[in-house]
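The values are calculated or read from the model by the stated rules, or taken from the named source; none is laboratory data. All values reported here derive from a predicted model rather than from experimental measurement. Note that we place each Cβ from the backbone using ideal geometry, even for glycine, and neighbour counts take in every protein chain shown. Remember, those area values only see protein heavy atoms, side chains included, never the ligands or the DNA or RNA. Shrake-Rupley method; radii C 1.70, N 1.55, O 1.52, S 1.80 Å.
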Amino acid sequence: MKTNASIWVLLLVAYGAIPLTLGSNHYVMSLLVAALVIGGIALAWALLGNLGGMVSFGHSAFFGVGAYVSALLTLKAGTPIVIAMLLGGVGALLASLVMLPVLRLRGPYFALAILAYAHIFKIIATEWTAVTGGSAGLSSIPRFPTAFGFDFSGKVGSYLIILSVVLIFALCYRLIRASDYGIALRAMHDSEDATRVIGVNSVLLKALMLFVSAFMTGVIGAFNAHYINFLEPDYAFNGLWVTLPIVAAIFGGYRTILGPLIGAVTVYLIDQLVFKSLIPYGHQLILGALLVAMILFSPSGLVPLLRASVRRNHAAG
Amino acid sequence: MLELILQALFSGVLQGGSYALIALGLALVFGTMKVINLAHGELVLLAAYIAYTVESSLGVNPVFAIPLALLIVCAAAVLVYFLVDLIRQDRELNSLLLTYGIAIILTNAIQLIWSADIRSTGSAWFQEPVVIGPLYSMRSELVFFVVSLALMTGLWWWLSRSWYGRAVRAVSSQRDAAKLMGVNPRKTELVSFIVASILASFAGVALFSYGVIQPSYGHVLTVKAFIITVLAGMGSIPGVLVGALLLGVTEALTVTLASSALQELAGMCLFLLVLFVMPNGLFGAAGRRG
């Protein structure tokens, strides 16, 4: 009951209070939109890590592919933005198909293969000039349209879109986790061999989680393309699109659903407001240090830690 | 055309020497600790930048940077080892994230110290051309190819003849059995880290003396080293050499026949091809498949 109530309050704040009070402040709204973009990728990344048991260093590939597919569809084929964004997710899903042979390998191979793989798309986007515009990039990518008498291309509109997308993804994550697949995946986490013995196709399940995660990341990438209206390979496939979400997910706790989102908002805001003013170039150094510190001292993240301390307080009171 | 291809093969083989040193370090540490050090390429790059500093501030040949590079890179690697050793739960997954974090720290520290500019050697002695029949190379390429062959021979001798080398192999193949035989696995892991960083130091100085370096290159090196170990199949030293030469030649041929921008793409295609066709690598033992 109590968690339900706090979620409703959070929703009310996110949809009501924030746009009404901060809506006119463009700087704050753009920070929030960027934090939610990072949060969305962090959520997709954590889904793959938590349910699929796979660490990915290549989600920037899915982000960039989603962005390019959606941007090109709207620019060259005139596809409506909503459909183009979904197809951007599908594009990212198709890009993840190449990773399938790696899923059969044990150990750290997936993490490393996808790290290597992320480079490919940046090279393709740079070299395939006829379609992608090469390193000059794509400009004047269509903005979000006006619908129901509300202009979604502005900061508040974009904020509402990305907030809804991320919340829908969080809901999907929850449904997957509660489904039969989720139970099988959790069993797989304990012992993959035992799970296979009782007839669960573990490679198929892992592949499905990879598809879901890639699709989500692609849609977020597509949103970002229409939000900033400009794309170039160095930006779309930048390593930051995976570094920040990883730090965020680990910081918040990647085994929870809300952890990556809370982590993303916290880490991104601190990074932009504090770290960046300390070290303008190379503030990622602090992000790296944060990641190292979290892995060493609190690998399950802050959300479970806070929850545990709340429970302890309850017990004491 | 034939001459061009021969030249590409030759350059690729020479480049493969340094690649092999980097990949061997990665494979050694993976063998003993079952940990992939994602900061390995950054350690190599650190050595390269030390060579740059020594050359530009003292005005001497980058070779003289090797002792200093050995000292600093080994110290950094020992630090990485102790951090990895601190991980208590789920080491396989958490060590990847930890070394990824260290790689980010190193890349950005290198960028802060040496700036993001591209650097290359100014040593005239190293850049002088050496012509063997129809084939051309820089003196530095040839020198460091010989150095890497010597180091690999040394490594082979060390692994097969010396006590610690045998201990490294023992811990790699059967950790518990090695423990029963009186091998201290943690000490052995540390030794493998140090040997890996010695190889990395030489490779870093080599890379600087015949190529260009920039802060983001460390990441590329880690990826290349990993591709080579997959080509080789984990745990095979001759395999690593063949894999490194194969990658070097593939890259050189791509640059000659297509474009230098596609160099990394070619390595990646080679990698995916091997994964599809021979998931255990060219020389690896069976058992990587889940």
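Checking the condition crowded, with 24+ Cβ neighbours inside 10 Å and out of contact with any Leu (no Cβ under 6 Å at 6 or more places or on another chain), which residue from A:247, A:242, A:265 passes?
After applying the criteria, what remains is A:242.
Testing residue B:192 on (1) surrounded by fewer than 17 Cβ atoms within 10 Å (Cβ to Cβ); (2) in a helix (DSSP H, G or I), one condition comes back false. Which one is that?
(1)
Only one residue in B:109, B:116 is facing chain A (nearest Cβ under 10 Å) and open to solvent by 40 Å² or more (accessible area, probe 1.4 Å). Which one?
Just one listed residue meets the conditions, B:116.
Counting just the residues of region B:77-96 that are under 20 Å from the mean Cα position of the chain (by Cα) and more than 21 Å from residue B:206 (Cα to Cα), which one comes out surrounded by the most Cβ atoms within 10 Å (Cβ to Cβ)?
Top of the filtered list is B:80.
Filter region A:123-145 for residues that are part of a helix (DSSP H, G or I) and either facing another protein chain (nearest Cβ under 7 Å) or among the β-branched types (Val, Ile, Thr) (or both) and give the result.
Correct list: A:123, A:124, A:126, A:127, A:129, A:131, A:132.
Would it be correct to say that residue A:260 is buried (at least 21 other Cβ atoms within 10 Å of the Cβ) and not aromatic (Phe, Trp, Tyr)?
Yes: the conditions hold for residue A:260.
Being small (Gly, Ala, Ser), in contact (Cβ under 8 Å) with a residue 24 or more places away in the chain and more than 14 Å from chain B (Cβ to nearest Cβ) is the filter here; which residues of region A:78-111 pass it?
Listed by number, the residues that qualify are A:84, A:88, A:89, A:91, A:92.
So which of B:27, B:77, B:8, B:47 is closer than 25 Å to residue B:130 by Cα and touching a residue at least 40 places away in the same chain (Cβ under 8 Å)?
B:8
Yes/no matrix, rows are residues, columns are (1) over 15 Å from the mean Cα position of the chain (by Cα); (2) at positive phi:
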site	(1), (2)
B:173	yes, no
B:182	yes, yes
B:191	yes, no
B:207	no, no
B:232	no, no
B:254	yes, no
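Name the one entry in A:38, A:114, A:120 that is in a helix (DSSP H, G or I), of a type in the set (Val, Ile, Thr), within 14 Å of another protein chain (Cβ to nearest Cβ) and open to solvent by less than 10 Å² (accessible area, probe 1.4 Å).
A:114
Being aliphatic (A, V, I, L, M), away from chain B (no Cβ under 13 Å) and over 24 Å from residue A:167 (Cβ atoms), is that true of even one residue in region A:230-245?
Checked against the condition, which is being aliphatic (A, V, I, L, M), away from chain B (no Cβ under 13 Å) and over 24 Å from residue A:167 (Cβ atoms), region A:230-245 yields at least one hit.
Residue B:67 passes all but one of (1) under 22 Å from residue B:118 (Cα atoms); (2) surrounded by fewer than 24 Cβ atoms within 10 Å (Cβ to Cβ); (3) over 17 Å from the mean Cα position of the chain (by Cα); which number fails?
Unmet for residue B:67, out of (1) under 22 Å from residue B:118 (Cα atoms); (2) surrounded by fewer than 24 Cβ atoms within 10 Å (Cβ to Cβ); (3) over 17 Å from the mean Cα position of the chain (by Cα): (1).
Across region A:234-253, what is the number of residues that are over 23 Å from residue A:65 (Cβ atoms) and in contact with a Pro (Cβ under 7 Å, 6 or more places away or on another chain)?
2
For region B:89-104, state whether one or more residues are modelled with pLDDT of 95 or more, under 26 Å from residue A:290 (Cα atoms) and either more than 11 Å from chain A (Cβ to nearest Cβ) or not in a helix (DSSP H, G or I) (or both).
no
Being surrounded by 24 or more Cβ atoms within 10 Å (Cβ to Cβ) and either in a helix (DSSP H, G or I) or not hydrophobic (A, V, I, L, M, F, W, C) (or both) is the requirement here; does residue B:8 meet it?
no
Consider only pairs whose beta carbons are under 7 Å apart and that are at least six residues apart or on different chains; among these, list those whose first residue lies in region A:7-33 and is open to solvent by less than 60 Å² (accessible area, probe 1.4 Å) and whose second residue is among the hydroxyl-bearing types (Ser, Thr, Tyr).
A:19/A:159; A:29/A:159; A:32/A:159; A:33/A:158; A:33/A:159; A:33/A:227
It is to be established whether one or more residues within region B:87-99 are within 17 Å of residue B:225 (Cβ to Cβ) and basic (Lys, Arg).
There is no residue in region B:87-99 that is within 17 Å of residue B:225 (Cβ to Cβ) and basic (Lys, Arg).
Kindly establish whether residue B:282 is away from every other protein chain (no Cβ under 14 Å), in contact (Cβ under 8 Å) with a residue 12 or more places away in the chain and farther than 15 Å from residue B:22 by Cβ.
When the stated conditions are applied, residue B:282 passes them.
Does residue A:162 qualify as being in a helix (DSSP H, G or I) and either of a type in the set (S, T, N, Q) or in contact (Cβ under 8 Å) with a residue 40 or more places away in the chain (or both)?
Judged against the criteria, residue A:162 is a match.
Suppose we keep only residues that are open to solvent by less than 50 Å² (accessible area, probe 1.4 Å) and of a type in the set (A, V, I, L, M) within region B:48-59. Which one would you say is nearest to the chain's Cα centre (by Cα)?
Result: B:48.
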